[in-house]
Structure formats: C-alpha cells, structure tokens
Amino acid sequence: MNRYFDFNATTPLLPEAREAWLRASERHWHNPSSLYRDAGIASQMLEAARERLAELFGVEAERVVFTSGATEANNMLFAAFAGQRTAISTIEHPSVREAARHWTRMSEFNAHGAMPDDAALVSVMAANNESGELLPWRELAARCREAGIPFHTDATQWIGKLAADFSGCDYVTGSAHKFGGPKGAGFLVLRDPDECIRLLRGGPQENGRRAGTENYPAIEAMVTALETVTASMTACQASGRDAFEHAMQASFEGLRIISAEVPRLWNTSLLVMPRHENLKWLTRLSRRGFSISTGSACSSGKEGSSVVVTALGASPEELRRVVRLSGGWETTKEDWLDLAAVFAEVGAELDAGGKG
Ligand code: PMP
C-alpha cells in the first residue's frame, strides 16, 4: 500500500537507479579529468550518459550541462542574462523567480495572456509543482522562436511524468530526484552546442561551463531513472487521482479543486478544504502514516511561494486550508481511494473537535 502522496516534493530512488549508482560508484569512481585509462573510461561513460539524456529530449548532447539540480540550473541561466530584461510567468518556482529577480530585470506575465515582446529571455515552466497545471510551453516556445526571443522552460515537474520532446525550446532545466533519480543531480540544456555560459567558476569541467568534479554515479543514476520511467510512462493515467477527487467531493461539501478546469499532471491534486487548517489535516494524516503537503501554501504564512498558490486562484483566506496530494508511478486507484477514506475519517475527528 502506498501512503506517500508527496511525489512533487521528491521521489524515492528507483531500484534501477540505485543499481546504476552502485555500479558506477564501484567501477567508475575515478576522476573523469584524470589521464589514466580508468579515468578515461569514466569520462567516456559520462559522455555516453549525456548522449542518452539528450536523445530522450531530442536535443544535441553538446547542449547538456550537468548540474546539482534544477535550482542551480535556473540560477546558471539567469546569471547568464545578468542585467537584461527577462519575462517569467506568474507561477514559477522560487528557483526561477528569485534567480530572475536577483540576476536580471524581471517582469511577470500570465502565460495564457499577452507575452512581453521586449525581453531578452522568456521563461515559462512546463508543469506547475503546486496544482500540476500544464502550461502552454510548446506554443510559447514556437512564438518566441518566431520573434527571435530565447525561450526557457523549467520542466522539473514535467520530466518523467509526460513525454518530453524539447527540440522547440532553447533552454530546459530538470532535476533527477523528481523522477526516481538521486538528489543532487540535474541539468541545464543550452540553446547552442557552442554556448559557453558559467556560474560556478574553477576547473574546466563540463566544457568550461560548470567547474567541479563531475558526479558521474549520480548522473548515471539520473539518466537510468529517466529511461526507466519513460519506458512505463504511457501506462500513467489520471484515473486514480480523479477517483480520489470525486470521493473527496462526495465527502466534503464546498471542497474546491484548484486548476480543475485546465489540463493538469496526472498525479497532482491541489485542494482547498472547506474547513480546518491544512496543518491539522497534515498532522492527523501523518499520524495514520500518510504523507501529504500543504504545497507552499503553509498556514504559517511564512513561505514566499504562497504567492504562487494565490496566482493559481486561492484567496488569502483559503491559503490556510490548501493541501497538495501528489502520487507516483506505482500509486494505484485503491491507494488514492484509501487516502480519500482517511480524509473522511480525519474530517469527522476534526469536526468533533478532537485534540492534538
Ligand atoms: N523547479 C520546480 C518546478 C520544482 O518543483 C523544483 C523542486 N521543488 C525545483 C525547480 C528545484 O529543484 P531542485 O530541488 O532539484 O533544486
């Protein structure tokens, strides 16, 4: 039984990725920059991993830079546009919004509305981490290409959940731990095979684009994880999540589902509970072994990202009652229905004024 419903926060390491990591760590632990034979083999394995990742995305391998994750990749990109005008959507992850704010002259726009035409870079995420909303990144990429504006998509939540052909995008970021890979590995796809931008300075690794000894075992595990989930992706459907939402609507009058009217990831449900604060739901579900999230709309109100949940359509008053459920590749309809049943149980307890 799966009781983990926080896959948008992070995912457990896939057995295939673990195997790949162990094999790489045992056999190819050498520094890929060293000059003896074993190091040369590690370097070749690293380049082969780059080719495999690039092939999955329909881009040239020379455009892929391995990073420590999506946060670093997003910072690396915006640092390259330092001082320039950039346009990002109103619901970007903080690693895009804060990087854009720090490095560039950033403005925000509604991804479904008019796109600013005076930006040096447009950045719109592929899928939102809170509500699962799918953004029109393909259309925006095409419009930007026509207008000659570089287009970036933070595809961290899309990759591994939906088919990913990024050949129409100039820049793409992603992170291994969102699709069954290890934490601390990710990538930035660049616009041009010869492009040389850098954030971390030091040695000449990653073609001079990112200094620091390459984490080949984590990279190998990341690419293996992506190949594994890509092979089973077509079987993933929203039917379990949808059954959960129907059951929740039957139990809770006045329940609101955010982004219900737009296309969403098959695994995500962002709800405004009709009563009781989100941390009360979270604590009681946690006691029963279920892991859920308040999204970034924590009722403490301290998290900067509540601005995103507000942009998604929750009122400041509703923010305190927002919960996020996100399943995984193995989560079944029964798992989702078990979750709905436990919500009903907890609801009755909270209504009765249960302590603790
Ligand atoms: N972008 C999005 C859309 C995310 O969901 C996340 C992770 N929550 C990140 C970027 C940051 O990824 P990482 O933890 O790998 O830095």
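Looking at Ala111, Ala49, Ala73, which one is under 22 Å from Arg145 (Cα atoms), of a type in the set (A, V, I, L, M, F, W, C) and touching a residue at least 60 places away in the same chain (Cβ under 8 Å)?
Numbers: Ala111 fails: touching a residue at least 60 places away in the same chain (Cβ under 8 Å); Ala49 fails: under 22 Å from Arg145 (Cα atoms).
After applying the criteria, what remains is Ala73.
Restricting attention to the range 182-198, the residues being over 12 Å from Thr71 (Cα atoms) and either more than 16 Å from the ligand (Cβ to nearest atom) or touching a strand residue (DSSP E or B) at 6+ places or on another chain (Cβ under 8 Å) (or both) number 10.
Here is a list: Phe7, Phe81, Phe57. Which entry is in contact with a Leu (Cβ under 6 Å, 6 or more places away or on another chain) and of a type in the set (Phe, Trp, Tyr)? Talk me through it step by step, then tell me what you get.
Numbers: Phe7 fails: in contact with a Leu (Cβ under 6 Å, 6 or more places away or on another chain); Phe57 fails: in contact with a Leu (Cβ under 6 Å, 6 or more places away or on another chain).
Going through Phe7, Phe81, Phe57 in turn, the sole match is Phe81.
Taking Arg143, is it out of contact with any strand residue (DSSP E or B) (no Cβ under 7 Å at 6 or more places or on another chain), of a type in the set (D, E, K, R), more than 10 Å from the ligand (Cβ to nearest atom) and more than 22 Å from Leu265 (Cβ to Cβ)? It is true that Arg143 is out of contact with any strand residue (DSSP E or B) (no Cβ under 7 Å at 6 or more places or on another chain), of a type in the set (D, E, K, R), more than 10 Å from the ligand (Cβ to nearest atom) and more than 22 Å from Leu265 (Cβ to Cβ). Scanning the range 58-105 for residues that are of a type in the set (Ser, Thr, Tyr) and crowded, with 22+ Cβ neighbours inside 10 Å, we see that the one that is nearest to the ligand (Cβ to nearest atom) is Thr67.
Exactly one condition in (1) surrounded by fewer than 15 Cβ atoms within 10 Å (Cβ to Cβ); (2) aliphatic (A, V, I, L, M); (3) within 22 Å of the chain's Cα centre (by Cα) is false for Ala48; which is it? Looking at each condition in turn, Ala48 falls short on (3).
Residues in the range 102-138 that are more than 20 Å from the chain's Cα centre (by Cα) and assigned to a helix (DSSP H, G or I) were compared, and the one that is farthest from Phe78 (Cα to Cα) is His102.
So how many residues does the range 11-60 have that are β-branched (Val, Ile, Thr) and out of contact with any Lys or Arg (no Cβ under 7 Å at 6 or more places or on another chain)? Looking only at that region, the number is 2. Here Pro136 meets each of (1) under 30 Å from Pro12 (Cα atoms); (2) of a type outside the set (A, V, I, L, M, F, W, C); (3) at pLDDT below 95 with one exception, condition (3). Is it true that Met76 is outside any strand (DSSP E or B), within 23 Å of Lys183 (Cβ to Cβ) and in contact with a His (Cβ under 7 Å, 6 or more places away or on another chain)? No. Of all residues in the range 1-29, those being within 19 Å of Val223 (Cα to Cα) and away from the ligand (no atom under 16 Å from the Cβ) number 15.
Report yes if Glu98 is at negative phi and in a strand (DSSP E or B), otherwise no. For Glu98, the condition - at negative phi and in a strand (DSSP E or B) - is not met.
Flag set for Arg50, criterion: among the basic types (Lys, Arg) and away from the ligand (no atom under 12 Å from the Cβ). The residues listed here are Gly208, Gly174; of these, the one that is within 16 Å of the ligand (Cβ to nearest atom) and either on the phi < 0 side of the Ramachandran plot or not charged (D, E, K, R) (or both) is Gly174. Only helices (runs of 4 or more DSSP H) whose full extent lies in the range 228-328 are considered here, and none of them has at least 3 residues that are farther than 18 Å from Asp338 by Cα and of a type in the set (Lys, Arg).
The values are calculated or read from the model by the stated rules, or taken from the named source; none is laboratory data. Fair warning: this is a prediction, and the values are worked out from it, not measured in the lab. In this analysis, Cβ positions are derived from the backbone assuming ideal geometry, glycine residues included, and neighbour counts consider all displayed protein chains.
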